[in-house]
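Novice: Once you've had a glance at the structure underneath, I'll fire off some questions.
The values are calculated or read from the model by the stated rules, or taken from the named source; none is laboratory data. What you see is a predicted model; the values in this text were computed from it and never measured. Using ideal geometry, Cβ is built from the backbone for each residue, glycine included, and neighbour counts are taken over all protein chains shown.
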């Protein structure tokens, strides 16, 4: 009788676990669809609207036509970027991304990522200030993927920094690891949201603020850093700003205390 009751108890516990898991997945899917559909709607509406204007008003001044065409191109690029990020996040979560490990300079890759964000920073009168403890740090990593991770982190800092704010980036060697910090002087992250910031499609909600993005950038960055045997965390204080700290080994071929927690593969 005791064993039967124990079996029934375990069965009920498994059923509750399965129910909770399904419920969590449903909420994740709902959040993903809501966020992604919202982000798709804006560029699609813009593209359709300006395209209709061009078609219905053939006598538009050439300057106005050119302006409309540029807007359509910009929104089309934004749409393509959203789809590409979605496909990449899914590939990272499935573990199908393959790294191309070569010897590269971390500082050069970071400087290129900073330059790529200068236009966005200038629109908010932001400064991006790098501090490096040496002119070059040579390591083994996938140059394209690491650039992408850096870009997502800098983009996030620029996005959540106030007008005329400052983004500070530091890079240094710590024994056999590289440590990079990307900090901003924005509003910081509420304590309850900190464990969720690296989840796909999650974004901190602030009443009265409309910030573009589907919430995939930090999730992609985390996957890419972990795929290199590294780790990433955030230190934040509300109303003061956030610091994203990432670490990865100089040579991922060598044993390291930083574990690869993704299912991707590394090409040699």
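Novice: Restricting attention to the stretch 117-142, which residues are in a helix (DSSP H, G or I) and in contact with a helix residue (DSSP H, G or I) (Cβ under 6 Å, 6 or more places away or on another chain)?
Specialist: Correct list: 117, 120, 121.
Novice: State yes or no: is residue 126 farther than 25 Å from residue 250 by Cα and surrounded by fewer than 20 Cβ atoms within 10 Å (Cβ to Cβ)?
Specialist: Spelling it out, it is not the case that residue 126 is farther than 25 Å from residue 250 by Cα and surrounded by fewer than 20 Cβ atoms within 10 Å (Cβ to Cβ).
Novice: Before we move on, is residue 89 modelled with pLDDT under 85, farther than 30 Å from residue 172 by Cβ and assigned to a helix (DSSP H, G or I)?
Specialist: It is false that residue 89 is modelled with pLDDT under 85, farther than 30 Å from residue 172 by Cβ and assigned to a helix (DSSP H, G or I).
Novice: While we're on this one: For the stretch 92-104, what are the residues that are part of a strand (DSSP E or B) and in contact with a helix residue (DSSP H, G or I) (Cβ under 9 Å, 6 or more places away or on another chain)?
Specialist: 99, 100, 102, 104
Novice: When you look at residue 147, is it in contact with a strand residue (DSSP E or B) (Cβ under 9 Å, 6 or more places away or on another chain) and at negative phi, yes or no?
Specialist: no
Novice: Determine which member of the set 158, 194, 182 is within 24 Å of residue 126 (Cβ to Cβ), at pLDDT 95 or above and not assigned by TED's automatic domain parsing to the domain that holds residue 82.
Specialist: 182
Novice: Answer yes or no as to whether residue 172 is surrounded by fewer than 19 Cβ atoms within 10 Å (Cβ to Cβ) and at pLDDT below 85.
Specialist: No.
So that you can scan it fast, the table gives a plain yes or no per residue for (1) surrounded by fewer than 13 Cβ atoms within 10 Å (Cβ to Cβ); (2) closer than 30 Å to residue 247 by Cα; (3) under 18 Å from the mean Cα position of the chain (by Cα):
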position: 49; (1), (2), (3): no, no, no
position: 54; (1), (2), (3): no, no, no
position: 66; (1), (2), (3): yes, no, no
position: 76; (1), (2), (3): no, no, no
position: 86; (1), (2), (3): no, yes, yes
position: 95; (1), (2), (3): no, yes, yes
position: 105; (1), (2), (3): no, yes, no
position: 108; (1), (2), (3): no, yes, no
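Novice: Could you list, in sequence order, all residues of the stretch 179-202 that are assigned to a loop (DSSP other than H, G, I, E, B) and either under 16 Å from the mean Cα position of the chain (by Cα) or surrounded by 17 or more Cβ atoms within 10 Å (Cβ to Cβ) (or both)?
Specialist: 185, 186, 187, 188, 189, 197, 198, 199, 200, 201, 202
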